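The structure appears below as structure tokens.
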Amino acid sequence: MAREKEVEAATEAEGTPERSYREQLDFLNPIARPLASRKLTRKLYKCIRKAAKHKQIRRGVKEVQKFINKGEKGITVLAGDTQPIDVYCHIPIMCEDRSLPYAYVPSKS
């Protein structure tokens, strides 16, 4: 109950309604595999917020690609609703080549 109130308060502050996990799945790209489960998605979002707070996050295709090439370790989280697909379709291949874990989450928001 408290979690729902926090979400409502956050969405009211932003001015945009937050879509449920099911609604977000409607906007996925066909290449968004492996898709994180609902529980794992929540944990990844929490991890991203924590990493952003400590300035330990890499954002954007160019920056992520640079750090993968340098050999930096971590987990790559990709948004499943990013358009066009061509922008980031090579990132999972790079992660697999270097044995880095990666997962898709339903939304970039």
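Here are the numbers for this structure:
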| quantity | calculated |
| --- | --- |
| Extreme residue, most open to solvent (accessible area, probe 1.4 Å), among residues of segment 76-109 that are of a type in the set (A, V, I, L, M, F, W, C), more than 11 Å from residue 32 (Cβ to Cβ) and over 10 Å from the mean Cα position of the chain (by Cα) | 93 |
| Search result, residues across segment 25-64 that are of a type outside the set (A, V, I, L, M, F, W, C), part of a loop (DSSP other than H, G, I, E, B), closer than 15 Å to residue 75 by Cβ and touching a residue at least 40 places away in the same chain (Cβ under 8 Å) | 34 |
| Matching residues, segment 75-94, being part of a loop (DSSP other than H, G, I, E, B) and at pLDDT 90 or above | 75, 90 |
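The values are calculated or read from the model by the stated rules, or taken from the named source; none is laboratory data. Computed from a predicted model, the values in this text were never measured in an experiment. Cβ coordinates were reconstructed from backbone atoms using ideal geometry, including for glycine residues, and neighbour counts include every protein chain displayed. Keep in mind that these areas ignore ligands, DNA and RNA; they rest on the heavy atoms of the full protein, side chains included. Shrake-Rupley method; radii C 1.70, N 1.55, O 1.52, S 1.80 Å.
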